[in-house]
Amino acid sequence: MSFEIMRKLLSRGVTILVGAVALFQIGCASSGGGGADPRKPQGFNTVVVDPGHGGRDSGGRANKLVEKQLTLETALKLGEDLRGSGLRVVMTRTDDRFYLLDERVALANRNRANNAILVSVHYNASGRGASGVVTFFWRTDSHGLAVRVQRALAQETGLKDIGVVRRRLRVTRNPDVPCLLVECGYMTNKSDAAKISQPAFRGRVAAGIARGILDQLAQGDGSIPRVPELNEPLSQATDAREY
Ligand SMILES: [Zn+2]
């Protein structure tokens with residue numbers, strides 16, 4: 001652990017004890033398990049695929065696009081692609097139905113024993129003309145996965161690569177498994193929307209996410225930099241920004 005990381009941890013009110021435990025865990029992981037990288041979601045074989053929104057929650061709307069429809073179609077295709085690659089897939093919804101964010105998190109946690117990861121699929125909206133794809137993560141063990149999914153999604157779609165963003169959301173902070181929220185382009189941007197409106201393009205979105213997941217499964221974190229543990233509370237429904 002570098003001085004810089006320690007300084008940041010301390011500045012966030014993490015006690016020396018927690019730092020010491022983290023050092024101990026890193027020491028254990030590097031001395032055992034054949035040198036396995038503790039950050040890598042090791043050997044996950046289940047992907048909980050979460051089409052954002054649904055039912056009474058339409059998500060964003062712009063340029064005649066309705067987010068809950070786009071996310072469902074994209075996520076179903078993603079599930080097909082992952083199953084075709086031999087992974088077990090659990091869908092949080094397969095039709096136009098509303099589920100609480102906490103129910104989606106709980107479903108992911110029920111699959112923890114199956115070495116699951118959670119991937120929540122969304123499309124973005126903004127009043128400021130923004131464009132591109134962005135992947136949100138929180139957990140340290142999800143950073144490499146986020147980088148690989150973001151990279152593959154940007155390559156596959158050709159949309160602007162905004163990058164990965166560490167954000168404490170219900171579906172990134174609260175699950176007990178590695179997890180991501182992927183925003184697959186801006187419905188509010190004319191250029192993004194023209195592409196997103198095409199089913200074939202949404203197939204490429206799904207293919208990009210699937211490739212990122214499979215890259216992570218095959219390669220782990222590799223040379224992707226570590227991110228420090230952060231001590232923050234669970235995300236609440238009352239938090240300012242929610243998905
Ligand atoms: Zn959304």
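Quick note: the coordinates plus some simple rules give every number you see, no bench work behind them. Since the model is a prediction, treat every value here as computed from it, not as a measurement. Note that each Cβ is placed from the backbone with ideal geometry, even for glycine, and that neighbours are counted across all protein chains shown.
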message: So Thr140 ticks every box in (1) more than 18 Å from Gly55 (Cα to Cα); (2) in contact with a strand residue (DSSP E or B) (Cβ under 6 Å, 6 or more places away or on another chain) but one. Which box is left unticked?
response: (2)
statement: Okay, helices (runs of 4 or more DSSP H) sitting entirely in region 56-168 with 2 or more residues that are in contact (Cβ under 8 Å) with a residue 24 or more places away in the chain and over 26 Å from Asp239 (Cα atoms), I get 67-84, 143-157
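Conditions tested, residue by residue: (1) among the aromatic types (Phe, Trp, Tyr); (2) closer than 16 Å to His143 by Cα; (3) out of contact with any Asp or Glu (no Cβ under 6 Å at 6 or more places or on another chain).
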{"site": "Ala207", "(1), (2), (3)": "no, no, no"}
{"site": "Ile213", "(1), (2), (3)": "no, yes, yes"}
{"site": "Gly220", "(1), (2), (3)": "no, yes, no"}
{"site": "Pro228", "(1), (2), (3)": "no, yes, yes"}
{"site": "Leu234", "(1), (2), (3)": "no, no, yes"}
{"site": "Asp239", "(1), (2), (3)": "no, no, yes"}
query: Are any of the residues in region 211-231 part of a helix (DSSP H, G or I) and in contact with a Gly (Cβ under 7 Å, 6 or more places away or on another chain)?
result: yes
task: For residues that are in a strand (DSSP E or B), touching a residue at least 60 places away in the same chain (Cβ under 8 Å) and within 11 Å of the ligand (Cβ to nearest atom), scanning just region 42-55, find the one that is nearest to Asn115 (Cα to Cα).
output: Asp50
message: Filter region 117-134 down to the residues that are surrounded by fewer than 24 Cβ atoms within 10 Å (Cβ to Cβ), under 19 Å from the mean Cα position of the chain (by Cα) and away from the ligand (no atom under 13 Å from the Cβ) and list them by number.
response: Ser131, Gly132
